[in-house]
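K.L.:
Before I ask anything, here is the structure I am working with.
The values are calculated or read from the model by the stated rules, or taken from the named source; none is laboratory data. If you're wondering where the values come from, they're calculated on a predicted model, not measured in any experiment. Positions of Cβ are generated from backbone atoms using ideal geometry, with glycine treated the same way; all protein chains shown enter the neighbour counts. Areas reflect the complete protein model, heavy atoms only, side chains present, ligands, DNA and RNA absent. Shrake-Rupley method; radii C 1.70, N 1.55, O 1.52, S 1.80 Å.
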Amino acid sequence: MPETKNPGDKTLHVSPTKTLTLKRGVEQGVVRQSFSHGRTKQVVVEKVKRRAVGDKPEAVAHEPKPAEKPTARAAQPAPAAEKPAARPAPAQRASGVVLRTLTDDERNARAHALADARVREAEERKIAEEEARRRAVREADERVEREAAEARKREEDERRKHDEETKKKAEHEAKKRFGGEETRTPAAAARPAGARPAGTPVSRAVAAEPDEDDRRPVRRGPGGVARPAPPPKPTRTVGPAKQRGRLTLVTALSADEERERSVASFRRRVQRLKGAQANEPKEKLVREVTIPEAITIQELANRMAERAVDVIRLLMKQGQMVKITDVIDADTAQLIAEEMGHTVKRVAESDVEEGLFDTADDPAKVQPRPPVVTVMGHVDHGKTSLLDAIRAANVVSGEAGGITQHIGAYQVTSSQGGKITFIDTPGHAAFSAMRARGAKVTDIVILVVAADDGVMPQTIEAINHAKAAKVPMIVAINKIDKADAKPERVRTELLQHEVQVESLGGDVVDVEVSAKQKLNLDKLLEMVSLQAELLELRANPNRAAEGTVIEAKLDRGRGPVATVLVQRGTLKVGDIVVAGAEWGRVRALVTDTGTTTDKASPSMPVEVLGFNGTPEAGDRLAVVENEARAREVTDYRARQKREKLAARTSGMRGSLEQMMTQLKAAGRKEFPLVIKADVQGSLEAILGALDKLGTEEVGARVLHAGVGGISESDVTLAEAFNAAIIGFNVRAHKEAAVAAEQAGIEIRYYNIIYNLVDDVKAAMSGLLAPMLRETMLGNALILEIFNISKVGKIAGCRVTDGTVERGANVRLIRDNVVIHEGKLSQLKRFKDDAKEVLAGQECGMSFETYQDMRPGDVIECYRVETIQRSL
């Protein structure tokens, strides 16, 4: 059955002389092109149809079945409606071409290709469905956004339309109010609405009203194709056009438009209305004004948003003549601000330190921490030896003279497994500040008392420090291995100072120990652990660190080094810390054993490296968030320190007692000194001891005191003031030693504080004025006065008691009143010079530069002795 052919289908043509080809269907058409000036041109256009993907030719050569013989032929191609099995594939065409049978491999390859194609089509179909689903979702979102945008646009258009209507109404009301009707010409006012003004051309009037029967003209192009003419543009219905140019006679008499108020006139009216509103009283704005301790008038006016002239006027009413740049105090600024109706918030410079310390810990985050134990007691009672026995170390041998002159912090592990932090303090009287500092940061105090020595002055002082710090005390009675040890005597003596041990019915634990023999040390540590459990010591390690500087020194290789006891939080390497007037970034943390660590937990003593300067012992340490905050705090503290020093040195006038003290100190002799020590605590002890040496007549003037070696600047300062340089456990740099030798400045080195104090005391004693002591020699009575030429008057005397010596000091007494004091120039007995005259003998005397002697006067003879004073 023949098939119908479509022009666009691809047909299989078999020709006996030509090869087998496929031809595409082609559609032809003629298009007429039109050009200007009526020119035309016909163009033949062919449209070739492209075969869509998946189209197959209707007539194809089918492969023969495996069961058919290759010689079988088909006269005609099988109809499309028949099954593939009923269509025999021709093996030979009319052209004589023989089609071979496909092999099994080729058949399998084709089957695999068809299977892959089906799989690929399924995947492509799945991808297309996924893409269609995503496109649908995206289109839905876009539709929602478009609808929202249209809604917003409608709202904006409605709002703009409403604003325009409101504006038009306002303009219309303004025109009606301010003579809008008067600007119309009489002719225009008399003309009815809709009437044409006189003189208007008729053609203009007709053109203004188009005929309803007029139709849109039809335009024809050059090719004869009819094209509709574009619709006329709609005329904009706007108000009367604004008059351009100057107002002339022609424009004024023009009847096409009405005269209105000019823009300048409208502006003048608006300005008049605004001026009337400006004269109305405004509501007073009340502001909160932040006032520091001192503020300039200009800054105060700016913060109140007031005129500086008004502030100055108020001050002038109070009787103060000030300028805009003058500084006033906070009280005056507060009075002014409150008088002007503002509220005041007072701030102080010290507010920069708020939040640095004593921030409360979260009870849910606190953890147990090791106890901090301070070992205190009298000198040579075995504090350091006891601590060495506990630590299994030997610190005593490293101290000069076998006495402790530095405060040390160590952490040990007890027999129960817990850690305990020990602080060793000096026992000498000069180190009272060190002991007080140790008591402030401690949890438990171990009071060491020697069994053979009993309670001593520094023992009493340690008891007072412990009571002031309100910390529990454990009494360690040391040296019980000695033959003359009397522990009971120690317990009895402690009762005099309100320390009652448990064996006597009190609540203070006492343990008999021997540091030398290492007796009962485990019992002492057990008591410390038990006391710590009762105290329930806890801290939050997961917060910014806080601590106390126990000791500070300047190391030539490592720079400023501070021994810090961390009390709360965890101190880490890289933290920015503030201690006193110094700050820095932690470069390294060194433990008491000399090893470095990355962090220090609560109750752990470490050496902190990285400060810009050496902090003072006793300063509190805190971690801040950034360098700007650290600089702010340290600048304030350094400024406070400078102001205190300036107030102390300038001698500011204070109370009457201070003025009298300054008058007494005006004639005081001073012993200038430059002192350098190894650590801040030792320097503090030296300065305190020297300050106690001073009297009303002489005192030590410390020009400079610092931590570290003696430098050239110290020598230069000493040379300028003729001062002595003292080094305590430090040495001078090579350059400083050479400079001191050239300048003749003496540098004295000490390693024991008492030797230093004794030498300074002896040097200051040399500045004291010597004491004059009178020794009575004897008295003589004048019997007669002799006048001798070329000599003068000679008094004839009889020695009544004692002796009279030549060259001695004499007083002339008349009627129990001293008339003259002087020296005896001549002493003669029987015309011979005598060295001395005894009692009961007569002699002749003459005075130096005095001749008014009378019989009956008494001559008192005495000797003046000079005695050197000492402090």
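K.L.:
Taking the range 328-356 as the region of interest, how many residues are within 30 Å of P602 (Cα to Cα), out of contact with any strand residue (DSSP E or B) (no Cβ under 6 Å at 6 or more places or on another chain) and not acidic (D, E)? Steps first, please.
P.N.:
Kept after step one, since they are within 30 Å of P602 (Cα to Cα), are these residues of the range 328-356: 350-356.
Narrowing the set further to residues that are out of contact with any strand residue (DSSP E or B) (no Cβ under 6 Å at 6 or more places or on another chain) leaves 350-355.
Restricting the remaining residues to those that are not acidic (D, E) gives 350, 352, 355.
The number of residues fulfilling the criteria is 3.
K.L.:
Here's another thing I want to ask about it. Where in the range 301-397 are there helices (runs of 4 or more DSSP H), lying fully within it, with 2 or more residues that are at pLDDT below 90 and more than 24 Å from V286 (Cβ to Cβ)? Show your work before the answer.
P.N.:
Numbers: elements: 308-317, 330-339, 383-391.
Those helices (runs of 4 or more DSSP H) span 383-391.
K.L.:
So which residues in the range 756-780 are open to solvent by less than 10 Å² (accessible area, probe 1.4 Å) and touching a helix residue (DSSP H, G or I) at 6+ places or on another chain (Cβ under 9 Å), if there are any at all?
P.N.:
Selection gives L756, V760, M764.
K.L.:
Test Q496 against the stated conditions and say whether it is among the polar types (S, T, N, Q) and over 23 Å from G408 (Cα atoms). Step through it out loud before you land on a result.
P.N.:
On the way: among the polar types (S, T, N, Q): yes; over 23 Å from G408 (Cα atoms): yes.
So Q496 passes the test.
K.L.:
So, one more: Restricted to the range 611-654, and to residues that are of a type in the set (S, T, N, Q) and open to solvent by 70 Å² or more (accessible area, probe 1.4 Å), which residue is modelled with the lowest pLDDT?
P.N.:
Selected residue: S650.
K.L.:
Might you check whether a residue that is crowded, with 17+ Cβ neighbours inside 10 Å, touching a residue at least 40 places away in the same chain (Cβ under 8 Å), in contact with a helix residue (DSSP H, G or I) (Cβ under 9 Å, 6 or more places away or on another chain) and farther than 16 Å from M764 by Cβ occurs anywhere in the range 730-750?
P.N.:
No, every residue in the range 730-750 fails to be crowded, with 17+ Cβ neighbours inside 10 Å, touching a residue at least 40 places away in the same chain (Cβ under 8 Å), in contact with a helix residue (DSSP H, G or I) (Cβ under 9 Å, 6 or more places away or on another chain) and farther than 16 Å from M764 by Cβ.
K.L.:
So, one more: Could you tell me how many of the residues in the range 518-528 are in contact (Cβ under 8 Å) with a residue 60 or more places away in the chain, of a type outside the set (D, E) and surrounded by fewer than 18 Cβ atoms within 10 Å (Cβ to Cβ)?
P.N.:
The total comes to 1.
K.L.:
Identify, from the list G569, G574, G580, G506, the residue that is farther than 30 Å from K486 by Cβ and either surrounded by fewer than 18 Cβ atoms within 10 Å (Cβ to Cβ) or aliphatic (A, V, I, L, M) (or both). Can you show your working first?
P.N.:
Working: G569 fails: either surrounded by fewer than 18 Cβ atoms within 10 Å (Cβ to Cβ) or aliphatic (A, V, I, L, M) (or both); G580 fails: either surrounded by fewer than 18 Cβ atoms within 10 Å (Cβ to Cβ) or aliphatic (A, V, I, L, M) (or both); G506 fails: farther than 30 Å from K486 by Cβ.
The conditions single out G574.
K.L.:
Taking the options I753, I726, name whichever one is surrounded by 14 or more Cβ atoms within 10 Å (Cβ to Cβ), closer than 30 Å to P560 by Cβ and modelled with pLDDT of 90 or more.
P.N.:
I726
K.L.:
If you don't mind, another one. Yes or no: the range 690-703 includes at least one residue that is closer than 20 Å to P560 by Cβ and surrounded by 17 or more Cβ atoms within 10 Å (Cβ to Cβ). Even if it seems obvious, please write down each step before you answer.
P.N.:
Start the filter on the range 690-703 by keeping residues that are closer than 20 Å to P560 by Cβ, which leaves none.
Scanning the range 690-703 turns up no residue that is closer than 20 Å to P560 by Cβ and surrounded by 17 or more Cβ atoms within 10 Å (Cβ to Cβ).
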